[in-house]
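The values are calculated or read from the model by the stated rules, or taken from the named source; none is laboratory data. In this text the structure is predicted, and so the values were computed from the model without any measurement. Cβ sites come from the backbone with ideal geometry, for glycine too, and all protein chains shown count toward neighbours. The area values use the complete protein model at the heavy-atom level, side chains included, leaving out ligands, DNA and RNA. Shrake-Rupley method; radii C 1.70, N 1.55, O 1.52, S 1.80 Å.
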Amino acid sequence: SSPAAGATLAVNTAQALTATAASAAGSISQVEFFVNGGSVGVDLAFPYTGTWTPTSPGTYALRAVARDNLGNQTTSAAISVSVTSGTAPTVSVTAPTASSNVPVNAATTITATASAATGTIASVQFFANGVSLGTDAVFPYTASWTPTALGTYALTALATDTVGNQTTSAAVAVSVIDPAAAPTVNVTSPTAGTTVTGATTVTATATPIGAATIASVQFFANGVSLGTDATSPYSVAWTPATSGSV
């Protein structure tokens, strides 16, 4: 009588089986439950129940065999059910955020959010460039990461639900930097070899790369300061007063 014909069940989740039985000649002595011909349990007393935990997706035939105290037995009609892995969970890395700078040789906490459409979240495993950083089974899902080398890293999280479905988050790219390192900077405009007409105002631009936040960029022409810019994109206006090479 349960589950109903055509029901969809979740894999790796215990399912309650129930049956009704009556004897015309004597009394029911037992009801045995079968899944695809294999016994999954016997119940000797009303209400007749059993438990079955499917371990793989597919279509299954459920039957019950009733036996009375006189030795008579009857097999029920088969009930067909489907076992599915369900809907995969969702997961995303929430910290650090994309394009963040992370200090080298210092512990950084990685966090993720995850939700399950089938069952509940069983665990969230964290990775940096594919290397596992640890697993958390309790919300809020976190892991500690201490990078030991400079570079760019892809952080991901793998969520697993109680039915066995898994989802890997989108990668979050972060840079591991040395906070004590000096920044680098390149003049990007005007380019090398450019000819500027006298008394023409030129916009000089530069691109700095820093381990920490860039505070300012100061521009020079032949050692003479042209000005300072504290806001990206960094630039100053320059009007050369004399001809020559700079």
Counting only protein heavy atoms and rolling a 1.4 Å probe, one gets per residue an accessible area for the chain in Å² of 55 Å²
With label points set 7 Å from each Cα along the Cα-to-Cβ direction at Ala154 and Gln73, the distance between them in nm comes to 5.7 nm
Applied in sequence order to the stretch 104-117, the curve 6.51 cos²θ - 1.76 cosθ + 1.60 (Karplus, θ = phi - 60°) yields integer Hz couplings, x standing for Gly and Pro, of 6, 6, 9, 6, 10, 8, 9, 10, 8, 10, 8, 9, 10, 8
Among (1) 120, 35, 21; (2) 91, 38, 33; (3) 157, 32, 31, the entry matching Cα extents along the principal axes in Å as calculated here is (1)
Rounded to a whole %, the carbon-and-sulfur portion of the accessible area of the stretch 10-160 at a 1.4 Å probe is 55 percent
